[in-house]
Structures are given as C-alpha cells and as structure tokens.
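Laboratory data are not the source of any read-out in this text; all were calculated from the coordinates shown. All figures in this text were calculated on a predicted structure; none of them were measured in a lab. Methodologically, a virtual Cβ is constructed for each residue, glycine included, from the backbone with ideal geometry; neighbour enumeration extends over all protein chains shown.
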Amino acid sequence: MENFEFHRPTAYYFGAGRENEAGNIVRALNKHKVLIVFGGSSCVKSGLLSRVQQSLASAGIAYVTKGGVVPNPRADLVYELIDYGRREQVDFVVAVGGGSVIDTAKATAIGIVNDGDFFDFFLKKRQPQDTLGLGVVLTIPAAGSEGSSSAVIQKEIDGHFYKCGLSSCFNVPTFAIMNPEVTKTLPPYQTACGAVDMMAHVMERYFTNTPDVSITDRLCEAVLCSIVETVPRVLREPDNYEARANIMWAGTLAHNDTCGVGREQDWATHALEHQLSAIYDIAHGAGLAVMFPAWMEYTMAHNPMRFAQFATRVFGISMDFEEPKRTAKAGIIALRNFFKSIGMPQNFADIGAREEDIPQMLKLLGVDQHTIGHFVPLNRDDCEAIYKIAARYQG
Ligand code: NZQ
Ligand code: ZN
C-alpha cells in the first residue's frame, strides 16, 4: 500500500427531512449571509429550495438565490455568481442540486476570495489559496461532488469547449445534507446515468498497479456489488426509500476516496469521457457507459487477473483457471449487459457522437504532449484506438 494522508472534513447529514436543518447548520458555522445556487426547475417544483430558504430564514441567516446552472456547467455563470456574491457580501455558498450545481458553487466560492480569473485554476496555471466555503443539499446521487475534492467546469475558448477539472482541498464541502426522499423525482435515465458515474468512480480506483491493497479492493467491490444489486430495484420501485438511500450513500463512498486511498488511481476514462460531454452536451454518466467498457477491452491484456477478479467478485462469474482472460472478458461483457439493462447507451451512435470527430476529441484531450491514465499510460494512438472501439461497438 502507498503512503497516504486522508482528511475529509465534510459533515454528512443523512436522512428524510434533514434539509430543514440547513439554517442551524449554517448558523453553527458562524456564517451570516449565504449565496444559494441551484440549477433548473427540479428543486423549485419539489419545494426543496423553499424548504432550504425557510430553514435559513428561521435561523436568522440572510440569503440571496440564483439558479440557472445547466448540466456540464459553464464558466459564464460562475463569473456572474462571483460578481453577485461579492456585491452581496455573502460569507458562504450553499449548492442545492447535483454535480453541476455543486461544482458551480465550488468554483464560485473559490472565485470570490481569490483574485484574477478563476478558470486559471482549472487550466492548471495556478493554485487557489482559499475558499469562502460551501455546503451542499444534494438532489442526485451521481457525481459524488458532495464529498469530493474536485470540480469540473466547461468554458468555450476559441470556438472549442474545454471541460476541465480542478482538484483542491478547497473544493471539499463543509457539509452535505442528503435526503434520499428528494431523489424520488429523478427520471429513470438520470438515475441510471448517476449509477454509471458512481461505478466509474470506483473502477477508476480499482484498476491499479499497486499490489496488496485488499482492504480498498474489498471496499470497491462492496460498493460496486451494492450498486449493481440496488439500481434495478430503484428503477422498478422509484419511491422505495431504502433503495434510494443505499444508492445515495454509495455515490458518496464511490468518490470521497474512502475506496481509493493508498493506491494508484487511473482516471483515463474520465478524461476520455469529458470530451464527449463537452462536444455533444450529453450526460456524463451516459458517456462513461460508452467509454468504460471500451477502455477495459483495450487495457485488459495489461493485467488479465485484475479483470478476472473484477468479474468473479462483482458479477459472480466463475473463474476459468486455465484461461483467466476468458473470465476477464466475461466481466466486461457482464458490465456492458448491466449498463444496457438499465437503459444506458452502448456506442457512439447511441449518444449522437461521430467517429469523424475523434481528431477533435484527441486535440481537446491534449494527448499530443502527454499521456493520460496510470494503470496503462495512454498516448494519442491508444486514445484514438479506445475511441474507435467505443464508436464501432455493436451490442
Ligand atoms: O437542473 P435541474 O432541474 O435540477 O435538473 C437536473 C439536471 O437536468 C436533474 N436533477 C437533479 N436532481 C433532480 C433532478 N431531476 C429531478 N429530481 C431531482 N431530484 O438532473 C440533471 C443532471 O444534473 P447534474 O447536476 O448535471 O448531474 P450530475 O450530478 O450527474 O453532475 C454531472 C456533472 O458533474 C461532473 C460531470 O462532469 C458533470 O459536469 N462531475 C463532477 C465530479 C466532481 N465534482 O467530483 C466528478 C464526476 O466524475 C463528474 O465529472
Ligand atoms: Zn464521474
């Protein structure tokens, strides 16, 4: 196991009705004026936004509110929110929404207290030095942003959409309120996209070159098994609180690094996918459903035994001791079938992506200068080959 430091200061308030505690939680942090950020209409329609506002008001916390975050969130709104937050002299940010809203709130909280263009941090030109701080009221289990140190924002530069991530301790939320009830309004497609994303977060950590990491292997497998078992139940019974609750906590464990400490992590598939959601404005989870099996097929030969372990422990496939590669391949097929069974796309055509755009994807990835991923470092030719597998796969 590699040496590691693990500091996750997020306080989780999990369960039905916990959003009504938002005001008291913020007051205990000695904050006085909050910028509430939300997305489209879902939290307005469900009444969640007004419950959060009411809770703040009852606790004597002033607030201003701004919505309009779209999936694959844009830098333009972050600039607006930074100005707005500074003008209103807020001292805290609260995100009511999913990954896109939370990441917008993270970038805003950093942008308000750091001079210069916030997007420089996402372009890795410099590092943020502080944050105003943020709390989260989560509405969709998926991105895991409620417990992660990352944020992902998209910006159009010279006619190209750059979807860039920032990893920083200043991105870690101070608190996350997680009420599974509020996820009952999620459409099946968004529920499934969220499940794929959380599985991808675990698998980015699972496929590692670090030997002897059985504790985190087993944690990864537990989270994956639970998702595979529970998602079909959530899709069959969208109002099932217990199923929704299990999926919600799985999404957090998948990405707050509980499953990833002490081991090399990969993250090539996320980089490959971000170009798809940037160019075609598709859901991140849908893009991952297309890209992850393609990445697995391409890299399997590097360590078939690890893929065979995945197949046996996550999908219950019997081990072929004479030919472990067969078991490894069966695991990839099982993953593809699972994604298909929950209504996820299988190839480029299913998400409206085009093979002729692959050169553009490679350009945005920046793989002319460097490789991506760690399990198998991928150069331009490797990335091109993986995109082609994803483009041409026929289920
Ligand atoms: O805008 P509203 O009306 O709320 O609708 C949203 C949106 O259309 C809807 N939704 C959310 N909660 C709902 C609901 N609809 C009904 N009922 C509810 N309770 O869901 C749609 C998608 O929302 P979004 O926030 O975009 O989803 P998600 O949480 O999947 O976030 C995706 C973004 O997070 C980034 C992705 O790249 C993408 O931009 N990621 C962020 C990460 C991080 N910060 O750690 C890691 C991830 O790997 C990922 O890259
Ligand atoms: Zn993801």
Which of 154, 53, 129 fluctuates most in a GNM of the chain (C-alpha springs under 10 Å)? That residue is 129
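Looking at region 105-148, which trypsin sites (Lys or Arg not before Pro) are in a loop (DSSP not H, G, I, E or B) and have at most 14 other Cβ atoms within 10 Å? Please report the intermediate quantities before stating the final value.
Numbers: sites: 106, 124, 125, 126; in loops: 124, 125, 126.
Taking region 105-148 and a limit of 14 other Cβ atoms within 10 Å, the loop trypsin sites (Lys or Arg not before Pro) found are 124, 125, 126.
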Residue 24 and residue 349 label points (each 7 Å along its Cα→Cβ direction) are spaced in nm at 5.7
Here region 124-141 yields Karplus 3J(HN,Hα) values (6.51, -1.76, 1.60; θ = phi - 60°; whole Hz; Gly and Pro given as x) of 6, 7, 7, 10, x, 10, 6, 8, 6, x, 8, x, 10, 10, 7, 10, 8, x
Within region 35-50, the residues whose backbone N lies under 18 Å from a label point placed 7 Å from the Cα of residue 87 along the Cα-to-Cβ direction are 35-38
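Antiparallel DSSP bridges in the chain: what percent, to the nearest 5? Walk me through the numbers on the way to the answer.
Values: 9 of 33 bridges.
Bridges in the chain that DSSP calls antiparallel: roughly 25 percent.
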Expected vector for region 97-109, Karplus 3J(HN,Hα) from phi with 6.51, -1.76, 1.60 and θ = phi - 60°, integer Hz, x for Gly and Pro, equals x, x, x, 5, 5, 4, 5, 5, 5, 4, 5, 5, 4
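Suppose R0 equals 56 Å; then what is the FRET efficiency for residue 158 and residue 319 from their Cβ-Cβ distance, rounded to the nearest 0.05?
On the way: r = 51 Å, r/R0 = 0.92.
About 0.65, to the nearest 0.05.
Set the Förster distance to 41 Å, then compute FRET efficiency between residue 62 and residue 233 from the Cβ-Cβ distance, nearest 0.05.
Efficiency for this residue pair is about 0.45.
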Taking placed amide H atoms and a strict 5 Å upper bound, the residues 5 or more places from residue 63 or on another chain that come that close are 34
Nearest 10, in degrees from 0 to 90: the angle of helix 380-392 to the longest Cα principal axis of the chain is 90
Note: residue 167 to residue 240 extended length (0.36 nm per residue) minus current alpha-carbon separation gives 22.8 nm
For region 329-395, shape from the Cα gyration tensor axes a ≥ b ≥ c, cut at a/c of 1.5 then a/b versus b/c, turns out oblate
Given unit charges at Cβ for Lys, Arg (+) and Asp, Glu (-), the dipole magnitude of the chain about its Cα centre in debye, nearest 20, is 720
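Can you tell me the relative contact order of the chain? Whole percent, Cα pairs under 8 Å, sequence separation 6 or more. Numbers along the way, then the final one.
Numbers: 756 pairs, mean separation 59.5, N = 395.
That works out to 15 percent.
Going by a ≥ b ≥ c, the root eigenvalues of the Cα gyration tensor, does region 13-111 fall in the rounded group (a/c under 1.5), the prolate group (a/b larger than b/c) or the oblate group? If you can, show how the numbers build up before the last one.
On the way: a/c = 1.89, a/b = 1.21, b/c = 1.56.
It comes out oblate by the Cα gyration axes.
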Phi angles of region 352-367, converted by Karplus (6.51 cos²θ - 1.76 cosθ + 1.60, θ = phi - 60°) into ³J(HN,Hα) in whole Hz with x for Gly and Pro, give x, 8, 10, 4, 5, 8, 4, x, 5, 4, 5, 5, 5, 5, x, 7
At R0 = 41 Å the Cβ-Cβ FRET efficiency linking residue 130 and residue 392, nearest 0.05, sits at 0.30
Once amide hydrogens are built 1.01 Å from N within the peptide plane, the residues lying 5 or more places from residue 14 or on another chain with amide H under 5 Å from its amide H are 178
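Ratio of region 1-68's C-alpha Rg to 2.2 N^0.38 Å, to two decimals?
Values: Rg = 15.1 Å, N = 68, 2.2 N^0.38 = 10.9 Å.
That works out to 1.38 for region 1-68.
By how many nm would the segment from residue 341 to residue 44 lengthen if fully extended, with 0.36 nm per residue of separation less the alpha-carbon distance?
Numbers: separation 297, 0.36 × 297 = 106.92 nm, distance 3.13 nm.
Gain on extension, residue 341 to residue 44, equals 103.8 nm.
Of 125/363; 163/388; 66/106; 340/388; 31/124, which sit over 26 Å apart, Cα to Cα? Show your work: numbers first, answer last.
Numbers: 125/363 19 Å; 163/388 21 Å; 66/106 14 Å; 340/388 19 Å; 31/124 30 Å.
Those over the limit are 31/124.
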Non-local residues with an amide H under 5 Å from the amide H of residue 139, with H modelled 1.01 Å from N and Pro and chain starts lacking one, are 97, 98
With -39,500 (n - 2.57) per DSSP H segment of 4 or more residues and division by the full residue count of the chain, the 222 nm estimate, nearest 500 deg cm²/dmol, is -15500 deg cm²/dmol
